Amino acid sequence: MSATAEALRQATDAPDLVVEGLTVRFGGLVAVDNVSLTARGGVITGLIGPNGAGKTTTFNSCTGLNTPSAGTVALGDRTLAHHSPAWRARLGLGRTFQRMELFDTMTVRENVEIGREALLAGKRRWTGRLFSTPAEAVVCGQEAEEAMGHCGISHLAARTVGDLSTGQRRLVELARALAGDYRFLLLDEPSSGLDVGETEQFAAILSGVVEREGIGILLVEHDMALVRAVCSYIYVLDFGRLIYEGPAADVLSAEIVKAAYLGSEAVEVA
Amino acid sequence: MKEWLPFIVAGISNGSIYGLAAVGLVLTYKTSGIFNFAHGAQAAMGAYLMFEFRERVGMPWPVAGFLALLLAGVVVGLLLERGAYGLASCSLAARVTATVGLLVFIQGVLIAIYGAASLPVRPFLPQKVFDVGGVNVRAEQMIDVALIFLAVAGLYLFFTKAKLGLAVQAVVDDPALLGLAGTSPVAVRRFAWLVGSCFAALSGMLLAPTLALDARLLTLLVFFAFGAAAVGTFSSLPLTYLGGIGLGLGASLATKIIGGMKLTGPIQGLPANLPFIVLFVALLVTPTRKLVERGSQVVRRPLPPVTFAPRATAAAAAVGLAVALTVPHVVGARLPIYITGMAYVILFASLGLLVRTSGQVSLCHIAFAAVGASTAARAVGAGFPWPLAVLAGGLVAIPIGALLAIPAIRLSGVYLAIATFGFGLVIQRLFYSSMFMFGGTFAIRSPRPHLGGLHTNTDVGYYHVVLAVTVACLAVMVLIRRSRMGRLLRAFADSPTAVDANGTNTNELKVLVFSIAAFFAGIAGGLLGPITGTAAAASGIDVGGFDFSVSLLLLTVLFVAGRQPVFSAVVGSVLLVIIPSYATGETAVKWNPIIFGSLAIVAALFGGRSLVEWLASSRRLRERAATNSPQAERALRGDLVLETVR
């Protein structure tokens, strides 16, 4: 880890997410090739790269949705290998999905509450899996209210999620992740489908989360404005390889990154 | 060695026919993503049409065969292509229900016209017997094998060489892209359905002379094709064809071996059931990455079920209970029908928990009831008090349900549906006749209870017992739905990935929900037996028996009845059990499958909303559309008029 990244680290107990030598093959295709990265607790780390660079595949390896051919993933001092997605969530690793995975027939409040309730159910034994105690119901309700408040969707609480716009749905998914008791969040293109105004709002929400909870976030994102606004440190993937890493400002002006990915449009933004 | 040869010859010739049907099935599945459960019914239809033209109209067999192929293959194939297109973005339950509905429908029509008894079929291919290396081979068998080999080989060559053949491969991957490249995906799908349907019809026509014409048997035998398709991992045509031959050979040789060793017990059923066992085992051991879900993965966002206000729900429950309590005073001698209906409410509610609440699919629900019925009857026979015996019926069904959760964990989507289907068939055909269940006579005594001084063994008394159990079961199921588990199950139906990512292991949820559903189905089964005093594994689609076809009916009727947990169960039971009992005997049995089959197809095609919901929700849908867009909202208030004019 470079000295700059170390310096960027804030005082926090939140664990780091450490990926080492990760390789994922799908048949003959090497989707992720020997990627190592460290996302610090307490800050937002960016993971960028063109479509097909292996960003989501890396995420899926972290949360246990695929089986890497080599490499390890660790949250703090715990190695995650061979554990189920649910186990990793219970350890404190939350995520959102590029193609949103929402409970479409349920209301916004129910969706966000399940962010906490599924976690509680997973941690409890026997009847605790099936029935909640009154105290737990209160916790779920409060956490959901709070998360919806932070995301600015309290007014939508009673709406059915399937009826909402993409921007609102992104916020519901984020709120669900916030309602969980996570120590690290992986956000997969949370701003895709959002307009400029919504994206700015989103940046503010993310910064607020890190400040308040002190947790770490690894953010896959195409929107360079958002990346610049919130990320302290950035990793760049291309064709499954890590081609660059550095503090946000350096990365966005690095020639190799521009050539691989950013193109003229993003340079203008930068 | 010589004594084996006739079995090998018969095995290869029958196996070829299974292979033909299986190749047609895989072809349509690959190109449309719709697994056609009605494939066997189509085969039966082909055979019956040929019979009609040949025996009743009096045409020569080539003409009759050609016409049958034209109708059951070409015409039905083209219709199916349209239907499959309409289903492409529907939920899994809708896709399964539609073709299961079609199966029920076609079978129902055939039985309504030609009766349930088998009809003899005169062979049409030459029967001359040749001596080939010391074994007698009929010309018919040689023609079958050669014809099918040519058809399958031709199709395979066509796939690998011709442009349209390659396009069929492409349409699976990306129909839109194929369209942009200048080949119409519709034409490709049409071709696939046409060939697939013709293969089905042809297999039925070729099988009929050796089997006799029997709608149920023909449909069932083409289920053999499912086993062959599983060998080819629902993807490879040559492997599927070889799988068909292998199954034919295996079944034939197993007959010889088991016959030779004079084995008894469930193993006697092995040869006839080899394909179902192979199907089930193949689905259990094939690496999941090979079982690719075909077809559109972009599914329309599901609509939430219509919910009613708590007061309305309470009022409806009170009225329902009042009606249930007056029934014995009103219906007279029909009361046993209502007792059956009451037990079916539990069956429907437990299936609803599985299908509607949790988004799983089960095509073997009646098998759980059969386990419950036989266990309860045997427990009473062994001296258990009656309530404990019925409870035991439910409890014994739990491990069976949990067993079914094993494929449910490995498989998703249509493969799970196929596995449950195979599972139900294996239980019925291997174990119903065993001493654990109904025994060789398929029936055991199942007495009514004597509870204290109450006259619970009369019709009226037993009705009240069943009513009490039903109310209790429904209450527990409603509680489950409203509990943490219920919320997780509903979430699970919408997005299993998200439930896992939020910390609850979905495999555990699957085991739990299958066990719970099996438990309640087992209880329902335990209540059904004492109605007549005999728990019988009645065959056919008679309600009250435990034939696998009842599972299919249950699913189709549930789909029509709605998604409210209790209300739909009552509606389903009224539709399936009560109403038909008022039509005169013979006709009702005939029309049941036809009506429910077609209703299920319509319900599935119309976005998976039940008919009941359509009626209840049109107003709410309008409101929802209005609140969806601010413009529409304003238009509703009349504010938008100016803007539109400008």
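Please treat every number below as a calculation from the coordinates, not as lab data. Everything quoted here is computed from the prediction, not taken from an experiment. Neighbour counts run over all protein chains shown; Cβ positions are idealised from the backbone, glycine included.
Ordering B:A367, B:I258, A:M100 by the projection of their Cα atoms onto the charge dipole of the protein assembly as shown, which places +1 on the Cβ of Lys and Arg and -1 on the Cβ of Asp and Glu, puts B:I258 at the extreme positive end.
Under 23 Å Cα to Cα from B:K30, which lysines show up? Leave out anything in the same chain fewer than 8 places away. Straight-distance partners of B:K30: B:K161, B:K163, B:K290. Database remark: amide H of A:Y233 closer than 5 angstrom to the amide H of A:G46, A:A248 (H placed geometrically; neighbours at sequence offset of 5 or more, or on other chains; Pro and chain starts carry no H).
DSSP loop chymotrypsin sites (Phe, Trp or Tyr not before Pro) in region B:329-438 with at most 16 other Cβ atoms within 10 Å of their Cβ, which ones?
Details: sites: B:Y338, B:Y344, B:F348, B:F368, B:Y415, B:F421, B:F423, B:F431, B:Y432, B:F436, B:F438; in loops: B:Y432, B:F436, B:F438.
Answer by residue number: B:F436.
Peptides B:369-379, B:350-360 ranked from most to least packed by the mean count of surrounding Cβ atoms within 10 Å: B:369-379, B:350-360. In a solvent-free Debye calculation with one equal scatterer on each Cα, what is log10 I(q)/I(0) for chain A at q = 0.07, 0.12 Å⁻¹, listed in the order of the q values? So the normalised log intensities work out to -0.24, -0.72. Our note on the geometry: Cα centres of region A:205-222 and region B:442-511, 44 Å apart. Across region B:368-385, coupling constants 3J(HN,Hα) worked out from phi with the 6.51/-1.76/1.60 Karplus curve, θ = phi - 60°, read 5, 5, 5, 4, x, 4, 5, 4, 4, 4, 5, 5, 4, x, 7, x, 5, x Hz, and Gly and Pro carry x. For the protein assembly as shown, the mean residue ellipticity at 222 nm estimated from helices alone is -19500 deg cm²/dmol, where every DSSP H run of n ≥ 4 contributes -39500 (n - 2.57) and the total is divided by all residues, rounded to the nearest 500.
Around the amide H of A:V32, modelled in the peptide plane, lie the amide H atoms of A:V24, all under 5 Å away and 5 or more residues distant in sequence or on another chain.
Please average, across the residues of A:112-121, the number of beta carbons from any other chain that are within 10 Å of each residue's own beta carbon, and give a whole number.
Details: counts 0, 2, 12, 4, 2, 7, 15, 3, 3, 11.
Taking the mean over all residues of the peptide, I get 6.
Roughly how far apart, in whole Å, are the Cα centres of region B:45-107 and region B:337-364? With region B:45-107 and region B:337-364 each reduced to a Cα centre, they are spaced 29 Å.
Averaged over the residues of A:125-134, the number of partner chain Cβ atoms lying within 10 Å of the residue Cβ comes to 3. Couplings 3J(HN,Hα) for region A:48-64, derived from phi with the Karplus relation 6.51 cos²θ - 1.76 cosθ + 1.60 (θ = phi - 60°), are 10, x, x, 4, x, 6, x, 5, 5, 4, 4, 4, 4, 5, 5, 9, x Hz, where x marks Gly and Pro. For chain A, the longest principal axis of the C-alpha atoms and the axis of helix A:134-151 are separated by about 40°.
In vacuo Debye scattering of region B:334-605, one point per C-alpha: log10 I(q)/I(0) at q = 0.08, 0.10 Å⁻¹? Listed by q, the Debye log ratios stand at -0.29, -0.46.
Residues whose amide H falls under 5 Å from that of A:D238, counting only those 5 or more places apart or on a different chain, are A:I243, with hydrogens built in the peptide plane. Taking each pair of different alpha-carbon atoms in region A:100-181 once, compute 1/r for the pair, average those values, and report the inverse of that mean as the Kirkwood hydrodynamic radius in Å to one decimal. It works out to 12.5 Å.
Just the number: Rg to Rh for the protein assembly as shown, Cα atoms, Kirkwood Rh, two decimals. Rounded to two decimals, Rg over Rh is 1.00. Once Rg and the Kirkwood radius are both taken over the C-alpha atoms of chain B, their ratio Rg/Rh works out to 0.99. Beta-bridge orientation, the protein assembly as shown: approximately 65 percent antiparallel, per DSSP, counting only bridges with both partners inside. Each residue of region B:22-37 is assigned a 3J(HN,Hα), and the resulting list reads 5, 4, x, 5, 5, 4, 5, 5, 4, 8, 10, x, 9, 7, 8, 5 Hz, derived from the Karplus form 6.51 cos²θ - 1.76 cosθ + 1.60 (θ = phi - 60°), x at Gly and Pro.
Cα centroids of region A:63-91 and region B:375-440: 37 Å apart.
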